[in-house]
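Right, one structure below, let's go through it.
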Amino acid sequence: LLPAFRPRPSRLIANVRAPRAAAACNPSPSVRAANAGPSPPRGSLPREPGAGCEWRDDAEQRKTSAMLSELQLTADAPLSVPPRGVFCTRSLDLTKIKCIGYDMDYTLIDYKMEVWEARAYHYSKEELRAKGFPVSGLKFKPELVCRGLIIDTERGNLLKVDRFGYVRRAMHGTRMLSRAETYEEYGRSSTVDVDLRSDRWSFLNTLFSVSEGCLYMQLVDRLDSGALIADSVPPFDPGRCSSYSQLFRAVQRALFRAHVQSTLKSEVMQHIERFVNFDPEASQALLEQRRAGKKLALITNSDWVYTRTLMEVAFEPFLPGGMRWWQLFDVVVVSACKPDFFTETRRPLYSVATADGMLREALRMELGGQYAGGNARMVEKVTRCRGEEFLYVGDHIFTDVNMAKRCLSWRTCMILQELEQEVVGLDQGREEGQQLRALMSRRDEYAALRCHVRSELQRRRAQRDDGGGGICGGDGDGGSGGGTPSEWEVSAVASEERLREAIEACEAQIQPMVETEGAHVNRYWGYLSRAGWADKSHLMRQIEKYADIYTSRISNLLAYTAYFRFTASPQSLQHDVPHAHLKVRSAATGSGDIPRVSPRSET
């Protein structure tokens, strides 16, 4: 009745460190060849999108190959997911895009996250120390927090939520909660709804939130232990930091002051190479877009001096001789105050009058100008582009991507620095995932078979007890009933017990594998894009909803050209995908067959 059952050991996966250098991100020719399968003729193209390694050598294909050879070009289609790929959620034709707008921080300027956030953490901690908070001994731990998590400010928890709003993993302070504790907190009560419109929840939707989340969770530990109040010194006010929500507001204010009022940005400007990854291909991507006739705009919340300093160092060394960074753009807007920049139509506009950031009032934008303030309608007017003619590229899922899409119908591109590590991690975890799917499939087959055995056992007992013709309600659990059990019934009971044991053995392997899925990427939270087994995280759902394309850095666009058409994959429907299912029939009665139902039009 049952195949031999052998537990499959879990495979340890090496830690992932996503390469930031272009050469390291692209696989070697031997790796590409291994991923691509059978090599197609050089210069030939796949038979159709998604055709993989199936090729044809008909007249049309030969003409295409001849054309490529004449142009000294080659084409291939390796069956692999490139870490530096551009991924599409809604089809986007770049030939229809007339203007491309860029955010600066974590978009044009690719910060070294751990270095930047460590300094932000330091300055935030010093702000709290000045207020009497006991912060001595706290150290920045970037792996504790990742983008896309949600803080429950009412309970002092950090949550990973799936696309439906269900909590899949939770941490209180710096301690991960077990599945049972998570269920007690968020599974039993129907009143707990993770609604980001409520002040109770704070969505960590940018890498600038990593230091904030880390510091808050560490202080939650001190609040729970009583050390936050016992070890505090004046001017600390216990009445204003006695709850998790009050503590969160205090950390938020400290982080804001660290970004705006501290010397953090001055330190960055003095040591740019320490904080920023330089990418020569970023400049080339912008130059190619300009050569293709696109207008370019820079729209950032950073001030003029900070923007000018970073853009000069990060871009001008890689531009043609004598070209300045601001000449890449048709309009530059600093101190934009997003998201209000996208929603308000009556915001004051100032032009940048001097190199050190002196401003003068302006009435309208002009091509080639540098401005502070204003609004998105002004940018649309000066570039003569609006709606779906505009593509905006940014790293903040709400401030950049969501608002540009909802308020102006701009097309959007999300920059997700962690995506390279995510793609590499998913690839390394693929074998583990296949083992887990095989275990789940085996468990489901056993469970389906057990259901049929129990149902058939119950039916036969009812027939025996009722003399072969009646219907008996039974106890619903395959109870023994009256009379003497037949030989078949005895065998069925033993088989059902074996099936139950096999299901439990599968579950014993499945559960720890599910709980540690993606631990090689982040030991606390697993994959960035996943929440629960094979389901999307809340962050991934937001990206799919508001970002037309997403990638890890702007230089990735260079490989696709400024004329590329990104085509989204067909969305699967559960009733449109073939599923393996178990069909069990009784040799005596034929029960278990699925009846054929005629279409409604025929009935």
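Okay, here's what the table says:
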{"read-out": "Hits in the stretch 368-417 - residues which are more than 18 Å from Asp105 (Cβ to Cβ) and polar (S, T, N, Q)", "value": "Asn375, Thr383, Ser409"}
{"read-out": "Extreme residue, nearest to the chain's Cα centre (by Cα), among residues of the stretch 398-421 that are surrounded by 24 or more Cβ atoms within 10 Å (Cβ to Cβ) and among the β-branched types (Val, Ile, Thr)", "value": "Ile415"}
{"read-out": "Identity of the residue in the stretch 122-166, among the hydrophobic types (A, V, I, L, M, F, W, C) and surrounded by fewer than 16 Cβ atoms within 10 Å (Cβ to Cβ), that ends up nearest to Gly226 (Cα to Cα)", "value": "Ala130"}
{"read-out": "Of the criteria (1) in a loop (DSSP other than H, G, I, E, B); (2) in contact (Cβ under 8 Å) with a residue 40 or more places away in the chain; (3) closer than 30 Å to Gly148 by Cα; (4) in contact with a strand residue (DSSP E or B) (Cβ under 7 Å, 6 or more places away or on another chain), which one Ala404 fails", "value": "(1)"}
{"read-out": "Residue check for Gly478: open to solvent by 60 Å² or more (accessible area, probe 1.4 Å) and at pLDDT below 60", "value": "no"}
{"read-out": "Qualifying residue in the stretch 272-286 (condition: assigned to a loop (DSSP other than H, G, I, E, B) and either crowded, with 19+ Cβ neighbours inside 10 Å or at pLDDT 95 or above (or both))", "value": "yes"}
{"read-out": "Count of the stretch 131-173 residues which are polar (S, T, N, Q), outside any strand (DSSP E or B) and within 23 Å of the chain's Cα centre (by Cα)", "value": "1"}
{"read-out": "Condition broken by Leu367, with the remaining ones in (1) open to solvent by less than 30 Å² (accessible area, probe 1.4 Å); (2) in contact with a Ser or Thr (Cβ under 9 Å, 6 or more places away or on another chain); (3) at pLDDT 95 or above satisfied", "value": "(1)"}
{"read-out": "Search result, residues across the stretch 289-312 that are touching an Asp or Glu at 6+ places or on another chain (Cβ under 8 Å) and either open to solvent by 40 Å² or more (accessible area, probe 1.4 Å) or part of a helix (DSSP H, G or I) (or both)", "value": "Lys295, Asn301, Val305"}
{"read-out": "Number of positions in the stretch 167-181 that are out of contact with any Lys or Arg (no Cβ under 7 Å at 6 or more places or on another chain) and open to solvent by less than 50 Å² (accessible area, probe 1.4 Å)", "value": "6"}
{"read-out": "Residue list for the stretch 92-111, filter: in a loop (DSSP other than H, G, I, E, B) and farther than 18 Å from Asn556 by Cβ", "value": "Lys98"}
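The values are calculated or read from the model by the stated rules, or taken from the named source; none is laboratory data. These numbers come from a predicted model, not from an experiment. So basically every Cβ, Gly included, is an ideal-geometry build from the backbone, and we count neighbours across all protein chains shown. Just so you know, the surface numbers come from the protein's heavy atoms only, side chains and all, with ligands and any DNA or RNA stripped out. Shrake-Rupley method; radii C 1.70, N 1.55, O 1.52, S 1.80 Å.
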